[in-house]
Amino acid sequence: MAIAAPYASSEEEAMILEVVRKLVVERVAPRAAEIDENGEFPEDLRVLFAQNDLLGIPFPAEYGGLGGSFVTYVKVVEEIAKACASSSLIVAVQELGALPILIGGNEEQKKKYIPKLASGEWVAAYALTETGSGSDAAGSMRARAEKRGDTYILNGTKIFITHGNVADVVCAFAVTDPSKGANGISAFILEKTFVGFKVGKREKKMGIRGSPTVELVFENCEVPAANLLGQEGEGFKIAMKVLDKSRPGIAAQALGIAAGALDFAAGYAKERMAFGKPIGQQQGVGFLLADMKTEVEAARLLVYECARKCDENAADVSLWAAMCKLKAGDVAMQVTTDAVQILGGYGYSTEYPVERMMRDAKITQIYEGTQQIQRLVIARALVGKWKPPNGAPRP
């Protein structure tokens with residue numbers, strides 16, 4: 001028995017979700033285990049999603065997108081993640097990689113790049129993280145960009161770049177003025193054909209194995225000055241605005257993973273017999289399922305509300321993005337762990353999907369800002385960021 005899907009908020013959304021669910025059942029779910037085992041990017045599913053306009057949902061119609069709501073977008077990511085977390089990132093990372101252009105790009109840049117990303121002709125990626133620059137992205141960035149005439153010369157290395165080896169376009173960040181700290185970081189649009197753009201090692205990961213995570217190396221990479229996003233020094237502000245819109249996508253992925261694990265565990269608990277009745281009728285398992293269901297629905301409400309605020313460009317979207325990512329990530333980890341427990345020895349076997357879901361869930365507590373960073377964002381929204389008096393040393 002499948003758990004009832006959430007209601008659609010419009011007829012258009014209902015049609016989109018009906019298409020997505022059909023694709024997930026017929027094309028995505030049968031491939032999920034193979035994608036995980038082989039660790040290969042599912043190009044066939046990327047093409048399938050592009051052909052069905054799923055990549056264009058969050059992009060404005062004026063640039064070739066569907067102009068769909070952010071609420072619809074997160075529901076699509078959720079539906080795909082119920083079956084395959086790696087495949088859900090095809091949709092989520094396309095939005096992530098394009099967001100710097102949508103947020104900081106000029107009209108010429110948007111017209112040049114967004115239509116190709118919305119159609120799926122090109123794949124996008126986002127390059128912010130470095131070896132010593134994860135949570136402290138502003139203070140520890142080492143990549144440098146120097147302007148020489150009509151060209152910027154980029155040097156540096158980015159790590160943990162999702163889809164970096166299959167991307168045609170990468171939005172990357174580098175320091176243009178080291179004396180200004182966060183205000184000295186700039187953002188650029190890079191194409192894979194640019195001189196000096198190189199793909200480094202590919203990570204071997206616990207989960208989301210079908211979503212390639214790679215190192216990008218910029219060795220005197222030549223970037224046209226026209227590909228600077230906004231003005232010099234605006235890069236970090238763009239990066240933070242991107243996170244407000246990308247964290248809900250990862251929260252939706254986490255929600256989908258949790259919902260998929262709950263669905264499978266509930267079905268198993270109805271069929272598996274022990275002590276003369278289905279294990280779901282045993283209070284220990286029944287109560288566990290009840291808690292799992294409650295947590296999944298609580299996370300869903302947070303994710304959908306945050307998506308609604310994204311559609312409205314609400315002033316407190318940063319707070320809601322952090323809260324939904326925090327809650328959904330923790331729920332995904334707990335629910336998938338409980339699903340493995342309900343299946344017992346079978347749950348630990350690769351023959352069943354919950355062990356894969358458990359491995360996939362962990363990353364949702366780490367990328368797009370760790371759970372600790374989310375708590376910091378939430379706390380600062382409540383009490384502000386403390387600044388020491390003039391001349392006083394920081395603790």
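The values are calculated or read from the model by the stated rules, or taken from the named source; none is laboratory data. A quick note: this is a predicted structure, and the numbers were derived from the prediction, not measured. Cβ atoms come from the backbone with ideal geometry, glycine included; neighbour counts cover every protein chain shown.
Only residues that are buried (at least 21 other Cβ atoms within 10 Å of the Cβ) and in a helix (DSSP H, G or I): list them for region 24-44, please. Correct list: Val24, Val28, Ala32, Ile35, Asp36. Would you confirm whether any residue within region 273-282 is over 30 Å from Asn106 (Cβ atoms) and of a type in the set (Phe, Trp, Tyr)? There is at least one residue in region 273-282 that is over 30 Å from Asn106 (Cβ atoms) and of a type in the set (Phe, Trp, Tyr).
Conditions (1) among the charged types (D, E, K, R); (2) not in a strand (DSSP E or B), marked per residue:
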site: Gly67; (1), (2): no, yes
site: Val76; (1), (2): no, yes
site: Gln94; (1), (2): no, yes
site: Ala98; (1), (2): no, yes
site: Lys110; (1), (2): yes, yes
site: Ile114; (1), (2): no, yes
site: Ile159; (1), (2): no, no
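Hey, can you tell me all the residues within region 100-138 that are touching an Asp or Glu at 6+ places or on another chain (Cβ under 7 Å) and among the small types (Gly, Ala, Ser)? Listed by number, the list holds a single entry, Gly104. Within region 253-271, residues that are basic (Lys, Arg) and assigned to a helix (DSSP H, G or I) sit with their Cβ atoms under 7 Å from residues that are modelled with pLDDT of 95 or more and surrounded by fewer than 24 Cβ atoms within 10 Å (Cβ to Cβ), at 6+ positions apart or across chains, in these pairs: Lys270/Pro278; Lys270/Gly280.
Quick test for you: out of Phe194, Phe173, Phe188, Phe218, pick the one residue that is aromatic (Phe, Trp, Tyr), in a loop (DSSP other than H, G, I, E, B) and outside the structural domain of Ala315 (by TED's automatic domain parsing).
Phe194
Each row is one residue, and each column tells you yes or no for (1) hydrophobic (A, V, I, L, M, F, W, C); (2) surrounded by fewer than 16 Cβ atoms within 10 Å (Cβ to Cβ).
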position	(1), (2)
Cys171	yes, no
Ala182	yes, no
Gly196	no, yes
Ile208	yes, no
Ala226	yes, yes
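Which residues, counting only those in region 166-184, are under 22 Å from Glu95 (Cβ atoms) and touching a Ser or Thr at 6+ places or on another chain (Cβ under 9 Å)? Passing the criteria: Asp168, Phe173. Has region 162-169 got any residue that is of a type outside the set (Ser, Thr, Tyr) and assigned to a strand (DSSP E or B)? Taking every residue of region 162-169 in turn, at least one turns out to be of a type outside the set (Ser, Thr, Tyr) and assigned to a strand (DSSP E or B). Taking every residue in region 208-221 that is touching a residue at least 60 places away in the same chain (Cβ under 8 Å) and among the aliphatic types (A, V, I, L, M) and pairing it with any residue that is crowded, with 24+ Cβ neighbours inside 10 Å and outside any strand (DSSP E or B), at least 6 positions away or on another chain, the pairs with Cβ-Cβ distances below 6 Å are Ile208/Ala85; Ile208/Ser86; Ile208/Asp360; Ile208/Ile363; Leu216/Gly164.
Would region 261-280 turn up any residue that is assigned by TED's automatic domain parsing to the domain that holds Gln372, basic (Lys, Arg) and within 30 Å of Asn183 (Cβ to Cβ)? No; the residues of region 261-280 include none that is assigned by TED's automatic domain parsing to the domain that holds Gln372, basic (Lys, Arg) and within 30 Å of Asn183 (Cβ to Cβ). For region 173-192, a residue qualifies if it is among the hydrophobic types (A, V, I, L, M, F, W, C), within 10 Å of Phe236 (Cα to Cα) and touching a strand residue (DSSP E or B) at 6+ places or on another chain (Cβ under 9 Å), and the qualifying residues are Phe173, Ala174, Val175, Ile185, Ala187. For region 183-193, state whether one or more residues are farther than 22 Å from Leu102 by Cα, over 21 Å from the mean Cα position of the chain (by Cα) and of a type in the set (Gly, Ala, Ser). Within region 183-193, none of the residues are farther than 22 Å from Leu102 by Cα, over 21 Å from the mean Cα position of the chain (by Cα) and of a type in the set (Gly, Ala, Ser).
Looking at Asp360, Asp316, Asp311, just one residue is buried (at least 19 other Cβ atoms within 10 Å of the Cβ) and acidic (Asp, Glu), and that residue is Asp360. Can you confirm whether Asn165 is polar (S, T, N, Q) and within 19 Å of the chain's Cα centre (by Cα)? Considered against the rule, which asks whether it is polar (S, T, N, Q) and within 19 Å of the chain's Cα centre (by Cα), Asn165 comes out as yes.
Ala361: in the same structural domain as Ile279 (by TED's automatic domain parsing) and in contact (Cβ under 8 Å) with a residue 60 or more places away in the chain, yes or no? Taking the combined requirement at face value, the residue satisfies it.
When we screen Gly276, Gly256, Gly233, Gly280 for residues that are small (Gly, Ala, Ser) and either out of contact with any Asp or Glu (no Cβ under 9 Å at 6 or more places or on another chain) or modelled with pLDDT under 95 (or both), the only hit is Gly276.
Residues that are under 14 Å from the mean Cα position of the chain (by Cα) and modelled with pLDDT of 95 or more within region 36-78 comprise Leu55, Phe70, Tyr73, Val74, Lys75, Val76, Val77, Glu78, listed in sequence order.
Here Ala290 fulfils each of the conditions (1) of a type in the set (A, V, I, L, M, F, W, C); (2) farther than 25 Å from Gln334 by Cα; (3) more than 24 Å from the chain's Cα centre (by Cα) apart from (2).
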